[in-house]
Amino acid sequence: MAYEIVKDICEGESSCVDVCPVDCIKVGDGVNAKTTKWLFIVAEDCVSCNACLEACPVEGAILPD
């Protein structure tokens, strides 16, 4: 099971990027509804290690897919 970042909740804080062991978290195009940059997870590359979920300071931004 891969994780999914909820675009309009993500604040682009990027703590998740620093802890991802497979570098599957990327910056999305443009801004979200909060007018902040946002991140997304390449599901095919995600190993479901839970590191991003633990590192994210924004509640509800990362969910199991």
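Brief remarks follow.
- Within the range 32-47, tally of residues that are within 18 Å of P64 (Cα to Cα) and loosely packed, with under 14 Cβ neighbours inside 10 Å: 5
- Of the set (1) in a strand (DSSP E or B); (2) surrounded by fewer than 16 Cβ atoms within 10 Å (Cβ to Cβ), all apply to D29 but (1).
- Annotation: G12 fulfils all but one of (1) crowded, with 17+ Cβ neighbours inside 10 Å; (2) of a type outside the set (D, E, K, R); (3) over 9 Å from the mean Cα position of the chain (by Cα); (4) at positive phi; the unmet one is (3).
Quick note: the coordinates plus some simple rules give every number you see, no bench work behind them. In this text the structure is predicted, and so the values were computed from the model without any measurement. Quick reminder, even Gly has a Cβ in these numbers, built from the backbone with ideal geometry, and neighbours come from all protein chains shown.
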